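Engineer: Before we start, here is the structure in question, set down as structure tokens.
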Amino acid sequence: MKYLKKYKIPFSGLSAGKHNFEFDVDDAFFACFDHSLVKKGKLIAQVQLQKQENMLITNFDINGHITLTCDVCLQDFQAPLRTKERVIVKFTHDEWDQESDEIIVLSHNDYELDISNLLYEYINVCVPHYPKCSEQGENIDCDPEMLQQLADEETVKNELKEDQVDPRWEALKNIKNN
């Protein structure tokens, strides 16, 4: 997890106002998360941090490509990813358990903001539920050989279904509509 240290923003020494940061998100980043939907990618996260007296307003602009596996043909393909997110960081002396997706609460003693988990979540939320290279990929279609094998398999499966009738349903064929 030492690799993720570079995804921390030390805000304590920053003056009030807007500050821009840029982070590379690559394969080594995704390797730090065991159950990530994305294993490979090349993204740039531009983070604008607006420091105020009692809070930070953080805007994320993540842009690049991730590698997905097509659910139809099982081919790996590059899918473009672009997302913009915003999170507000509030400071408090008290224990606060009412965090939400848009608000993070830190102690006044904290001096840096770890954005690695935020980047991980923002990227993984953008992964489609049903990745398909012809839909999410750029100028790419499903592997024609694999599509032909799937079509052949479906044809064989349908032929077997027609030939075999479940004996439990055989008795129902004799029932006539009244």
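Engineer: Return the residues of region 3-51 that are more than 22 Å from the chain's Cα centre (by Cα) and exposed (fewer than 13 other Cβ atoms within 10 Å of the Cβ); say none if nothing qualifies.
Structural biologist: Matches in region 3-51: Pro10, Ser12, Gly13, Ser15, Ala16, Gly17, Lys18, Asn20.
Engineer: Which condition breaks for Ile66 when tested against (1) within 18 Å of Tyr7 (Cα to Cα); (2) among the β-branched types (Val, Ile, Thr); (3) touching a helix residue (DSSP H, G or I) at 6+ places or on another chain (Cβ under 9 Å)?
Structural biologist: Every condition holds for Ile66 apart from (1).
Engineer: Just checking: which of the strands (runs of 3 or more DSSP E) contained wholly in region 21-128 hold 1 or more residues that are in contact (Cβ under 8 Å) with a residue 40 or more places away in the chain? First the steps, then the outcome.
Structural biologist: Working: elements: 40-51, 55-69, 76-92, 103-107, 112-114.
In region 21-128, 40-51, 55-69, 76-92, 112-114 are the strands (runs of 3 or more DSSP E) which contain 1 or more residues that are in contact (Cβ under 8 Å) with a residue 40 or more places away in the chain.
Engineer: Filter region 52-70 down to residues that are under 17 Å from the mean Cα position of the chain (by Cα) and not hydrophobic (A, V, I, L, M, F, W, C) and give me whichever is nearest to Ser12 (Cα to Cα).
Structural biologist: Residue satisfying both the conditions and the ranking: Asp61.
Engineer: All but one of (1) farther than 21 Å from Glu112 by Cα; (2) open to solvent by 80 Å² or more (accessible area, probe 1.4 Å); (3) over 19 Å from the mean Cα position of the chain (by Cα) hold for Cys73; which doesn't?
Structural biologist: With respect to (1) farther than 21 Å from Glu112 by Cα; (2) open to solvent by 80 Å² or more (accessible area, probe 1.4 Å); (3) over 19 Å from the mean Cα position of the chain (by Cα), Cys73 is out only on (2).
Engineer: For region 90-112, state whether one or more residues are in contact with a Gly (Cβ under 9 Å, 6 or more places away or on another chain), surrounded by fewer than 19 Cβ atoms within 10 Å (Cβ to Cβ), of a type outside the set (Lys, Arg) and farther than 20 Å from Ala31 by Cα.
Structural biologist: yes
Engineer: Would you mind stating whether Leu119 is under 19 Å from the mean Cα position of the chain (by Cα), of a type in the set (A, V, I, L, M, F, W, C), open to solvent by less than 80 Å² (accessible area, probe 1.4 Å) and at pLDDT 85 or above?
Structural biologist: So Leu119 fits the description; yes.
The values are calculated or read from the model by the stated rules, or taken from the named source; none is laboratory data. On a predicted model such as this, the values are computed, not experimentally measured, just so you know. Note: ideal-geometry Cβ built from the backbone for every residue, glycine included; neighbour counts use all protein chains shown. These area figures cover heavy atoms from the full protein model, side chains too; ligands, DNA and RNA do not enter into them. Shrake-Rupley method; radii C 1.70, N 1.55, O 1.52, S 1.80 Å.
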